[in-house]
Protein chains: 2
Amino acid sequence: MKRIEFFFDLSSPYSYLASTQVEALAARAGAEVAWRPFVLGAVFKATGNTMPAAVAAKAKYMLTDLARWAAHYGVPFRFISRFPMNAIKAHRVILAGERAVAGKGAVLGRALFDALWVDDLDVSDDTVLRALVTAAGLDGEAILRAVEDPEVKGLLRENTDDAIRRGAFGAPTLCVGDELYCGNDRLPFVEAALRRA
Amino acid sequence: MKRIEFFFDLSSPYSYLASTQVEALAARAGAEVAWRPFVLGAVFKATGNTMPAAVAAKAKYMLTDLARWAAHYGVPFRFISRFPMNAIKAHRVILAGERAVAGKGAVLGRALFDALWVDDLDVSDDTVLRALVTAAGLDGEAILRAVEDPEVKGLLRENTDDAIRRGAFGAPTLCVGDELYCGNDRLPFVEAALRRA
């Protein structure tokens, strides 16, 4: 089956925007989505890149641009009050959920993106995470314990290293086979690549 | 009449891509285009931004991304052999041409972008510039003399300062009234803004 690898960091607002579209896009093209959380800070460090908000004029523009994209997609969005935030534990929750039951990674990914960028919840908080995991139909206690499992930690490192090796320098990064696409604004190119595949 | 202010630097490949689309876009929306060359290096310096190619992974990706956009638009494109290049004299030629005959700025802008990104010519060379100006139906000698005219120099500085003041941090930057759009990839938003205007 055709496949999109969706590399994202929950703390990235453009990753949130892409998360609202990627499943519908895949469905239109008869493809499936692999939700692959990664550590954007490590990607920046490895490539010498900096977060866009480091340039004041860019940070100001980004707020307008994000609102335009949200309106364009017709999705809710508000900038999180805790920024930059550390999403590592939440990323491991997604990976542990997927390991427990295939398909739950996508469910948790969507739920966590909405918790952050719609409801402005603190997704580094265990109570918040447990509630989201339970709502996703999984065992909250077991998944929260699993975030300390070396195998789960390794999956997150592996996603990050794999994305860097393949040329990622920001988030989101989407791959269709060997083709790499950077940014929410390249989703139409991703869809075209799937149709060609 | 509705109006797009198109701030660009000839040395910017994404500005070239936008230059191939902006007139048709404006025509569809019943708008006119003000071609406003600016000095991208000065914009970077004023905002603390860096050129995308400064990050190696981004530079590598950009080459692929540019080729994808050219294919998407159906326009020729090849990366220039003189990069980064100084486009200041060519920018002044555009401004002097527009001052001589209204509308010739757009003609010269398109001709110079194609000379660079299609034919890989050296547009800092007087012979090349003179030939392009003559082909645009203007007096080559007079326009080349005008690039040293303080008024023409002032127009280029004014475009650059105006863009920075309004929030630009890269190229191309497009404005519709008070709304500012950064990047060739935001042209659909520019078109939507014109339709709302």
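The values are calculated or read from the model by the stated rules, or taken from the named source; none is laboratory data. For clarity, every value in this text was computed on a predicted model and none was experimentally measured. Cβ placement follows ideal geometry from the backbone for every residue including glycine, while neighbour counts extend to all protein chains displayed. Calculation scope for accessible area: heavy atoms of the full protein, side chains included, ligands and nucleic acids excluded. Shrake-Rupley method; radii C 1.70, N 1.55, O 1.52, S 1.80 Å.
Answer yes or no as to whether A:I94 is part of a helix (DSSP H, G or I) and of a type in the set (A, V, I, L, M). Criteria met by A:I94. Go through (1) outside any loop (DSSP other than H, G, I, E, B); (2) loosely packed, with under 15 Cβ neighbours inside 10 Å for B:A193 and report which single condition fails. Going through the list (1) outside any loop (DSSP other than H, G, I, E, B); (2) loosely packed, with under 15 Cβ neighbours inside 10 Å, B:A193 breaks only (2).
Among the residues of segment A:24-51, those identified as within 17 Å of A:E191 (Cβ to Cβ), of a type outside the set (G, A, S) and surrounded by fewer than 18 Cβ atoms within 10 Å (Cβ to Cβ) are A:R28, A:E32. Looking at segment B:94-123, which of its residues are without any contact (Cβ under 8 Å) to a residue 40 or more places away in the chain and open to solvent by 10 Å² or more (accessible area, probe 1.4 Å)? The answer is B:V101, B:A102, B:G103, B:K104, B:V107, B:A111, B:D114, B:D119, B:L121. Only one of B:A59, B:A71 is out of contact with any Phe, Trp or Tyr (no Cβ under 8 Å at 6 or more places or on another chain) and under 22 Å from A:K58 (Cα atoms); which? Criteria check complete, one pass: B:A59.
Being over 23 Å from B:A57 (Cα atoms), at pLDDT 95 or above and touching a strand residue (DSSP E or B) at 6+ places or on another chain (Cβ under 9 Å) is a property that does not hold for A:R145. The number of residues in segment A:52-77 being within 18 Å of A:L10 (Cα to Cα) and either open to solvent by 70 Å² or more (accessible area, probe 1.4 Å) or touching a strand residue (DSSP E or B) at 6+ places or on another chain (Cβ under 7 Å) (or both) comes to 2. From the list A:A131, A:A90, A:A197, the lone residue that is more than 14 Å from every other protein chain (Cβ to nearest Cβ) and at pLDDT below 95 is A:A197.
Check whether at least one residue in segment B:125-132 is of a type in the set (A, V, I, L, M), surrounded by fewer than 16 Cβ atoms within 10 Å (Cβ to Cβ) and in a helix (DSSP H, G or I), and report yes or no. The answer is yes, given that some residue of segment B:125-132 is of a type in the set (A, V, I, L, M), surrounded by fewer than 16 Cβ atoms within 10 Å (Cβ to Cβ) and in a helix (DSSP H, G or I). Exactly one residue among B:V55, B:V43 is within 12 Å of another protein chain (Cβ to nearest Cβ) and either without any contact (Cβ under 8 Å) to a residue 24 or more places away in the chain or hydroxyl-bearing (S, T, Y) (or both), and that residue is B:V55. Among residues of segment A:140-171 being hydrophobic (A, V, I, L, M, F, W, C) and away from chain B (no Cβ under 14 Å), the one that is surrounded by the most Cβ atoms within 10 Å (Cβ to Cβ) is A:I143. Out of B:F77, B:F83, which single residue is over 27 Å from B:A26 (Cβ atoms), under 16 Å from the mean Cα position of the chain (by Cα) and not charged (D, E, K, R)? Selected residue: B:F83, the only one of B:F77, B:F83 that is over 27 Å from B:A26 (Cβ atoms), under 16 Å from the mean Cα position of the chain (by Cα) and not charged (D, E, K, R).
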